[in-house]
């Protein structure tokens, strides 16, 4: 993938911030469900799946923003 520059980089960083916050929120929701003893497995599975999707998106954006390092 090519390096993101200019206005696209600003948009990518904003999106990264949004996705990171959503990832944290899901992490807290999962923890709260676990601690409360809520065993709704379907909801828990959906939250965890979304969290993994967010992690993949965050990784992709980070890879676009960080230049390749040639050793």
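The values are calculated or read from the model by the stated rules, or taken from the named source; none is laboratory data. Computed from a predicted model, the values in this text were never measured in an experiment. Please note: Cβ atoms are built from the backbone with ideal geometry, for glycine as well, and neighbour counts cover all protein chains shown.
What to note about this one:
- Enumeration of residues in region 49-59 that are touching a helix residue (DSSP H, G or I) at 6+ places or on another chain (Cβ under 7 Å) and either at pLDDT below 95 or under 25 Å from residue 69 (Cβ atoms) (or both): 55, 57, 58
- Residues in region 28-49 that are surrounded by 14 or more Cβ atoms within 10 Å (Cβ to Cβ) and within 30 Å of residue 11 (Cα to Cα): 29, 30, 47.
- Every test in (1) at pLDDT 95 or above; (2) in contact with a helix residue (DSSP H, G or I) (Cβ under 7 Å, 6 or more places away or on another chain) is passed by residue 46 save one, and that test is (2).
- Any hit, region 6-18, residues being over 14 Å from the mean Cα position of the chain (by Cα), in a loop (DSSP other than H, G, I, E, B) and closer than 20 Å to residue 65 by Cα: yes
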